[in-house]
Amino acid sequence: MKTEIYHYLKIEFNFIISNYYKMPYTEEEKRLRRNEANRKSYQKHKEKRLENRKEYYQNNKEKQKEYYENNKEKVLEYYKEYKQTENGKRNNKISTWKYSGLIVDDYDTIYDRWLNSVKCEMCDKEYKMTKKGYLDKCLEHNHTTGEFRSICCISCNGKMRYLDEEKK
């Protein structure tokens, strides 16, 4: 009987000690927990942050203009370097699409599709380099509705635009 009680107490003690003295988190576990906490906090306070950012921008327009004028070369150099990064190229391309009237729910998916496209989705020809050193790859969309249609070559894009104008 005593040995059974002793055995039970030993197991219970080991359980308590093992839970109390857990091994510290590894650096990777700490990073993952911190990232998850940051994600939750960002989502929780997202609206407030956007509101604060807009308010700050409205209240400090002159300050921002002054900084730009005093540091114009530095700012332009930063933008020039940023446009050469993967994020810079991505954001620039998506901004161009938005400016030209493209309206989609997920621009990142369209960008990945555009990036990985090697042939025109309409005529199945491989993209060629233009005289200016760019691929003749275009994002085809309806200019009236903004609806995405396909990723195609310049030739097919021009044909589709011509057909759209004829329908009007």
Practice task
Report yes if Tyr25 is without any contact (Cβ under 8 Å) to a residue 24 or more places away in the chain, surrounded by 10 or more Cβ atoms within 10 Å (Cβ to Cβ) and out of contact with any Phe, Trp or Tyr (no Cβ under 8 Å at 6 or more places or on another chain), otherwise no.
Solution key: yes
Fill in the blank from the handout: Within segment 125-138, the residues that are modelled with pLDDT of 85 or more, out of contact with any helix residue (DSSP H, G or I) (no Cβ under 6 Å at 6 or more places or on another chain) and surrounded by 14 or more Cβ atoms within 10 Å (Cβ to Cβ) are Tyr127, Lys137
Exercise for the section: Answer with yes or no whether Tyr134 is hydroxyl-bearing (Ser, Thr, Tyr) and closer than 18 Å to Ile94 by Cα. Expected result: yes
Problem - Among the residues listed as Ile94, Ile103, Ile110, the single one being at negative phi and either touching a residue at least 40 places away in the same chain (Cβ under 8 Å) or in contact with a Ser or Thr (Cβ under 6 Å, 6 or more places away or on another chain) (or both) - result: Ile103
Exercise for the section: Could you tell me which residue of segment 87-115 is modelled with the highest pLDDT, considering only residues that are under 16 Å from Arg149 (Cα atoms) and of a type in the set (S, T, N, Q)? Expected result: Thr109
Practice task
Would you mind stating whether Lys80 is loosely packed, with under 10 Cβ neighbours inside 10 Å and in a helix (DSSP H, G or I)?
Solution key: no
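The values are calculated or read from the model by the stated rules, or taken from the named source; none is laboratory data. This one's a predicted model, so the numbers in the text were calculated from it and none came from an experiment. All Cβ positions, glycine included, derive from the backbone under ideal geometry; neighbour counts span all protein chains shown.
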